[in-house]
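S.K.: For reference, the structure I am asking about is given below.
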Amino acid sequence: MPTVLLTGFEPFGNTPINPAESVMRLLDGTQISNCDIQGLLVPNNFFESIDLVTAAIKTIKPQLVVMLGEYSGRATITIERIAQNYNDSTRYHLKDNRGVEMQGEATVRNGPVAYRSTLPIRAMVMAMRNTGVPADISDTAGTFCCNHLMYGALHYLHRQ
């Protein structure tokens with residue numbers, strides 16, 4: 001049976017509960033469409049988040065990786081199209097949960113400028129909309145830990 005690695009970030013900043021973690025915990029250990037869902041709580045820390053997720057990919061060998069994040073400024077569920085090799089947590093006045101802030105730094109030195117999601121994002125958005133869930137495609141995962149992790153995971157998978 002195919003395995004889906006489903007990640008969710010822990011709370012960060014002024015957010016006492018991260019919905020990404022809640023959804024991950026709710027679905028962890030379930031089966032959806034003949035797929036086993038294996039959840040993973042991700043620390044909201046630069047680089048540590050990438051190391052944890054890539055280690056899980058090596059160990060679990062999932063057929064699909066879905067990473068959940070939270071951005072309170074959006075009124076819909078958004079599926080990210082692009083992850084950029086750029087970090088700027090200072091624009092949000094945020095530090096990661098270890099107190100690290102980044103401004104203008106690359107996730108991967110000399111890495112590609114960006115990676116595109118390999119998920120069927122348009123089909124995912126349409127499926128959600130067809131069930132009444134407000135959803136859209138997003139062209140940026142911001143410049144905090146969600147983007148950082150997406151870029152790092154896609155870079156790892158690209159190199160494999």
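S.K.: Please specify each residue of the stretch 1-36 satisfying the condition of being surrounded by 15 or more Cβ atoms within 10 Å (Cβ to Cβ) and among the small types (Gly, Ala, Ser).
M.R.: Gly8, Gly13, Ala20
S.K.: Additional query: Report yes if Arg129 is farther than 22 Å from Leu40 by Cβ, part of a helix (DSSP H, G or I) and not aliphatic (A, V, I, L, M), otherwise no.
M.R.: In short, yes.
S.K.: I would also like to ask the following. Out of all the residues in the stretch 126-142, is one or more within 17 Å of the chain's Cα centre (by Cα), more than 21 Å from Leu6 (Cβ to Cβ) and not β-branched (Val, Ile, Thr)?
M.R.: yes
S.K.: If a residue has to be in contact with a Lys or Arg (Cβ under 7 Å, 6 or more places away or on another chain), more than 25 Å from Arg122 (Cα to Cα) and not in a loop (DSSP other than H, G, I, E, B) to count, how many in the stretch 31-70 make the cut?
M.R.: Of the residues in the stretch 31-70, 0 are in contact with a Lys or Arg (Cβ under 7 Å, 6 or more places away or on another chain), more than 25 Å from Arg122 (Cα to Cα) and not in a loop (DSSP other than H, G, I, E, B).
S.K.: Is it the case that some residue within the stretch 13-30 is closer than 23 Å to Ala127 by Cβ, assigned to a strand (DSSP E or B) and in contact (Cβ under 8 Å) with a residue 12 or more places away in the chain?
M.R.: For the stretch 13-30, residues closer than 23 Å to Ala127 by Cβ, assigned to a strand (DSSP E or B) and in contact (Cβ under 8 Å) with a residue 12 or more places away in the chain: absent.
S.K.: Another question, if that's okay. What do you reckon, is Val42 surrounded by fewer than 18 Cβ atoms within 10 Å (Cβ to Cβ), under 24 Å from Arg159 (Cβ atoms) and either at pLDDT 95 or above or in contact with a helix residue (DSSP H, G or I) (Cβ under 7 Å, 6 or more places away or on another chain) (or both)?
M.R.: no
S.K.: Condition first: β-branched (Val, Ile, Thr) and touching a strand residue (DSSP E or B) at 6+ places or on another chain (Cβ under 8 Å). Now tell me which residues in the stretch 1-32 satisfy that.
M.R.: Passing the criteria: Thr3, Val4, Thr7, Val23, Thr30, Ile32.
S.K.: Run Ile82 past the list (1) out of contact with any Lys or Arg (no Cβ under 8 Å at 6 or more places or on another chain); (2) free of Cβ contacts under 8 Å to residues at least 60 places away in the same chain and report the number of the one that doesn't hold.
M.R.: The failed condition is (1).
S.K.: When the residues of the stretch 48-70 are filtered to those that are surrounded by fewer than 16 Cβ atoms within 10 Å (Cβ to Cβ) and touching a residue at least 24 places away in the same chain (Cβ under 8 Å), which remaining residue is farthest from Leu154 (Cα to Cα)?
M.R.: Residue satisfying both the conditions and the ranking: Ile60.
S.K.: In the stretch 135-160, what residues are part of a loop (DSSP other than H, G, I, E, B), in contact with a strand residue (DSSP E or B) (Cβ under 7 Å, 6 or more places away or on another chain) and more than 18 Å from Glu48 (Cβ to Cβ)?
M.R.: Asp139, Thr140
The values are calculated or read from the model by the stated rules, or taken from the named source; none is laboratory data. Since we're looking at a predicted model, the values are computed, not measured. Here the Cβ is made from the backbone with ideal geometry for all residues, glycine too, and neighbour counts use every protein chain on show.
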